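Data block below; observations after.
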Amino acid sequence: MGPTKPPKWADWLIEKICPEEYLEEVQGDLHEAFYWREETKGLPFARRKFYLETFKTFRLFRFRKPGFMNNPFFYLLKNYFKTGFRFIWKTRTYSFINMSGLAIGIATAAMAYLFLADQYSFDRFHDKSDRLYRIGAQLEFRGETEKMGGASYIMGKTLPEEVPGIEMATHVKNGIALRLIDQDYSYLVFHYADPQMFQMLDFNFIKGTPGAFEDPENIVVSRSFAKTLPASNELRLLFGEEEKVFSVTGIYEDFPMTSTFRPSVIIPFNFWVSRVAARRTESWFDINMNVFVLRREGAALEDVEAGMNEILAANLDSDMASANPQLFLQPFSKMHTDKLEMGNGLRATANLQVLWVVLLVGLLCLLISCFNYSNFALGNFLSRSQEVAVRKVMGANRNAIFQQFLSESFLGTIMAGVLAFLLIQALLPVFSQFVGVEYGFRDLLSWRFGTGLALVLLISTFLSGLYPSVVLSAKKANLALKERLKVGGKSFFSWFLVMMQVSITIFLIIGMLTTNQQLDHLLNFDLGYEDENVLALSIRDTSEQRLDQMHRELERLAFVQSVSSNSGYNGTDYKDGEIDFSTSHLRTDENFIDLLNIEMVEGRNFDLEIQADQAGAVLVNETFVKRAQLNNPVGEVIPFDYGRLTNPRIIGVVKDFHYEALQSEIQPLVIYTAPEYMMQTLLIKLNPQSSQQEIGQIEALWRQIYPTRPINYTYLEESNAADMQTETQIQRLARSGSLIAILLASLGLFGMVGTHVRQRLKEVSIRKVNGATPLDIYLLFSSKFGKWLVSGFIIGTIPAIYFLNNWLNNYPERIQLSWGIPMLSAFICAAVFLTIITLLLIRVMNLNPATHLKDE
Amino acid sequence: MESVGALEEIILMILLKYEECHGVQIAQHHEAILSKAISLPAIHVVLKRMEKKGWVDSRFGEPTAKRGGRRKRLYKATPAGYHAIEKLQEAKSKLWASIVQQNFRYGAN
């Protein structure tokens, strides 16, 4: 061992702690003292002291001057903030109200941002997400181009081999099977995929690996699904009648909620290939699955797409040529927001309409609150024009004053930001319910939300502080010192801002009332059939005998009025010479018309007694008659060929009814009883007020007849209402948006009128002395305000009507915009605003002139 | 007049007596005079403060091996430093003189 030395790590620590300018002296002294103390008091003491004094060098920090602090601008900034704080404190009540207003605006905008950022971050969490795509196909059909998300098996097999720009690809297809848990069957949705997928997407295996992923019996599952597995790690699934046992070889972390593709069970694709007919793996346009593609780094997207289309053209059947099929690649990051006709299990669930409304409401509320703040700042800053003048006399230039007020406005925004954060935290559960996405406190601490809030704060600083700063910095010092100050209230710009607020508020209220009315219209719309007390069960069983038995048993129940099955609505082409259109068709039974109480316009319903009805009779709807240009439809034989149904005769015409969601137009429809399609839905009309107990009886019956099929039912009325989800969401957003807007605008008006009135107390006093009545005073003020409010109404109404008319055009069944809604909105606004004005004016009307004339 | 802290006073007097000193020397003198240890950072902090007030002056000295080749910083009291404690010391000694006498008398009683 060499001579003793001071402890190394403590020495290292000094270098970190001690300000650099003192380091040499301090470290040297400590070393010297170490040896001195070692000599006099021994090593342990010296060492202990060394440690202790190392930490004590922290005290030297006080003498440290970071570079930026020596900058004169820093001192200036410090001064600005100090003056700002003092001013805010001086006007604290008013400042607080005003900041709360701004906080509400910021909170609204920040929540909107949170939601939008979340929606647009979908499917971006994969490492290679910028190179990941899914194959889509585009077809032309009667002059219309349809884009579908999906590819055929052979595309996924051939394209990666032949197109150099594709690094690798995987087939992805979802399947459904029955799974037995505790004597109860339930449906399990799973995915088939190729081993390449584990290299393309970010799978995080917490247990095991997928291995080669070639053996059809070895599967991988997600962590949340793994919890439902038995100890043996086996998964038993029922495919048709055949039971398959899979063993789990790997468990991966669940994909985040912001993923369109969230598989819980993945089975090797070989399994699917081994079970289907060869034609399904050989046909080029059997688009029934997805193919994910990883673009090679450096390859241009257009080249890859062109290469794919070249290969498609070489392999295409001639009968597809008329549709001019083209392949394209949809980026992963667009899967959530860009809707395609068909998704093969991967659908865009983002609702762009809702996204837009959220964005609009958030921005408008922020705008209103910034206007408020701007007005307030202007009014108050003007009362400080003498301070500005003094600063100018002392040598501050225009720029300095500008900076001063902008930094003050920044200070206010930051404080409002803190309030907003607390507000968001309180409102988050309500907001989550609103948009149907679960948000927690965790989301507020993410970097994404942090940058969003910072952005909103920056925008509001400029929106709220820019104008007052410009006005004040432009003031001439001598004028400001000399002038009798008119504080706020008089400026054209301030009133312009109030007017804009009123128009935004009107805009949102009209929006709210219109969406309300449209939704009511849709909900109460006569569908053309009765959906009350109708239970819809999905059958998912191929046996007609069992279905017949189910019918018979159900009809025996006292509370069941009627039973009918149908195939669901399918589509096909209808060609009759020149006439060519697509029509829906439905296989059902003779009870359908009566059960739903659909009106017959002409002819008769199906009749069991008439043998010919089975194979050769159809009902059509009015739209079909119109499109097929039939003058005398009943008895007409139409060229509608579908399986065994050839040239059927029309026996009746039903009145048009909305068998699809109300948002779409009624399409032509053909109804038949010929057994061409599997029955998928069982409709049961119940007596009114049937109880849960009676539903229980139906469930028991179901279990008895379909022991391996889980029961799955909805009330038709409820599922029809569920189709209105978008509209309901928009309505709720518009409602709360307009509430916030009217609150904020009232706040702004309150401040504006308040300052204005305070400025003119003396004037009013003189008027009163000269004989003005309280009514005269009231009219004097309200006529001035009224002018701006009325302009606000007009400016808000025009774009509102324009936008809403466009929105309503999306609906075949829409309300007509009448003058009622704008009038009602104006009335609501006027009522609120006039109440505020009147409350403030009462004080002026009743003031004693003596009080305000005696000072000076 | 700026107030003088207790440690400031002692260190200033040490510097006045021993002309030029660096941190460790001050610590050693302090210990020798008051038989009480003092931490080096405390001395450093006081020295920096007094340097800012203009009571002491400093310059770099020679490096030594014990300091790991680092230079000393040598401190010296300035005339301003002398004046800062001059009056205080006179007042203190005067006060002290009287206390000793009185105490003596009380003790005698």
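Checking each residue in region A:143-182 for being among the β-branched types (Val, Ile, Thr) and either part of a strand (DSSP E or B) or surrounded by fewer than 22 Cβ atoms within 10 Å (Cβ to Cβ) (or both) picks out A:THR145, A:ILE154, A:THR158, A:ILE166, A:THR170, A:VAL172, A:ILE176, A:ILE181.
Is it true that A:LEU804 is assigned by TED's automatic domain parsing to the domain that holds A:GLY748, of a type in the set (A, V, I, L, M) and under 21 Å from A:ALA741 (Cβ atoms)? Yes. For region A:505-519, the set of residues classified as over 15 Å from A:THR726 (Cβ atoms), surrounded by fewer than 24 Cβ atoms within 10 Å (Cβ to Cβ) and either among the hydrophobic types (A, V, I, L, M, F, W, C) or outside the structural domain of A:ILE801 (by TED's automatic domain parsing) (or both) consists of A:LEU513 only. Within region A:303-356, the set of residues being under 19 Å from A:GLU146 (Cβ atoms) and aromatic (Phe, Trp, Tyr) comprises A:PHE328 only.
Residue-wise test of (1) within 23 Å of A:ARG279 (Cβ to Cβ); (2) in the same structural domain as A:THR260 (by TED's automatic domain parsing); (3) touching a residue at least 24 places away in the same chain (Cβ under 8 Å).
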residue	(1), (2), (3)
A:LEU139	yes, yes, yes
A:GLY143	no, yes, no
A:LEU159	yes, yes, yes
A:LYS173	yes, yes, yes
A:GLN183	no, yes, no
A:GLY208	no, yes, yes
A:ASP215	no, yes, yes
A:ASN218	no, yes, yes
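Among the residues of region B:72-82, those that are more than 17 Å from A:PHE34 (Cβ to Cβ) and either small (Gly, Ala, Ser) or facing another protein chain (nearest Cβ under 8 Å) (or both) comprise B:ARG73, B:ALA77, B:ALA80, B:GLY81.
Regarding B:LYS17, is this residue out of contact with any Gly (no Cβ under 8 Å at 6 or more places or on another chain), among the basic types (Lys, Arg) and more than 14 Å from chain A (Cβ to nearest Cβ)?
On the way: out of contact with any Gly (no Cβ under 8 Å at 6 or more places or on another chain): yes; among the basic types (Lys, Arg): yes; more than 14 Å from chain A (Cβ to nearest Cβ): yes.
Yes, satisfied.
When A:ALA420, A:ALA454 are checked against the criterion of being in the same structural domain as A:ILE740 (by TED's automatic domain parsing) and surrounded by fewer than 14 Cβ atoms within 10 Å (Cβ to Cβ), A:ALA454 stands alone in meeting it.
Report yes if A:ILE251 is surrounded by 13 or more Cβ atoms within 10 Å (Cβ to Cβ), of a type in the set (Val, Ile, Thr) and touching a helix residue (DSSP H, G or I) at 6+ places or on another chain (Cβ under 7 Å), otherwise no. Before the answer, list the steps.
On the way: surrounded by 13 or more Cβ atoms within 10 Å (Cβ to Cβ): yes; of a type in the set (Val, Ile, Thr): yes; touching a helix residue (DSSP H, G or I) at 6+ places or on another chain (Cβ under 7 Å): yes.
Criteria met by A:ILE251.
For region A:183-201, the set of residues classified as assigned to a loop (DSSP other than H, G, I, E, B) and surrounded by 15 or more Cβ atoms within 10 Å (Cβ to Cβ) consists of A:ASP194, A:PRO195, A:GLN196, A:LEU201, listed by residue number. If the condition is being more than 9 Å from chain A (Cβ to nearest Cβ) and more than 13 Å from the chain's Cα centre (by Cα), then region B:33-71 contributes B:SER35, B:LYS36, B:LYS53, B:GLY54, B:ASP57, B:ARG59, B:GLY61, B:GLU62, B:ALA65. Annotation note: Cβ proximity below 7 Å between a residue of region A:276-296 that is among the aliphatic types (A, V, I, L, M) and a residue that is surrounded by 14 or more Cβ atoms within 10 Å (Cβ to Cβ) and at pLDDT below 85 (sequence gap 6+ or interchain) occurs for A:MET289/A:ASN344. Contact map, region A:72-88: first residue among the hydroxyl-bearing types (Ser, Thr, Tyr), second residue part of a helix (DSSP H, G or I), Cβ cut-off under 6 Å, separation 6 or more or different chains; pairs are A:TYR80/A:GLN404; A:TYR80/A:SER407. Per the conditions (1) assigned to a helix (DSSP H, G or I); (2) within 30 Å of A:GLY298 (Cβ to Cβ); (3) among the β-branched types (Val, Ile, Thr), the sole criterion not satisfied by A:ILE104 is (2).
Within region A:525-566, how many residues turn out to be farther than 23 Å from A:VAL601 by Cβ and not basic (Lys, Arg)? Lay out the reasoning, then the answer.
Here is the first cut: in region A:525-566, the residues farther than 23 Å from A:VAL601 by Cβ are A:533, A:535-561, A:563, A:565.
From what is left, the residues that are not basic (Lys, Arg) are A:533, A:535-539, A:541-545, A:547-551, A:553-555, A:557-561, A:563, A:565.
Summing the residues that are farther than 23 Å from A:VAL601 by Cβ and not basic (Lys, Arg) in region A:525-566 gives 26.
Among A:LEU30, A:LEU23, A:LEU60, which is modelled with pLDDT of 85 or more and facing chain B (nearest Cβ under 9 Å)? Break it down into steps so the answer makes sense when it comes.
Details: A:LEU23 fails: modelled with pLDDT of 85 or more; A:LEU60 fails: modelled with pLDDT of 85 or more.
Checking each option against the conditions leaves just A:LEU30.
The values are calculated or read from the model by the stated rules, or taken from the named source; none is laboratory data. What you are looking at is a predicted structure, and each value in this text was computed from that prediction instead of being measured. For neighbour counting, all protein chains shown are included, and Cβ atoms are generated from backbone atoms with ideal geometry for every residue, glycine included.
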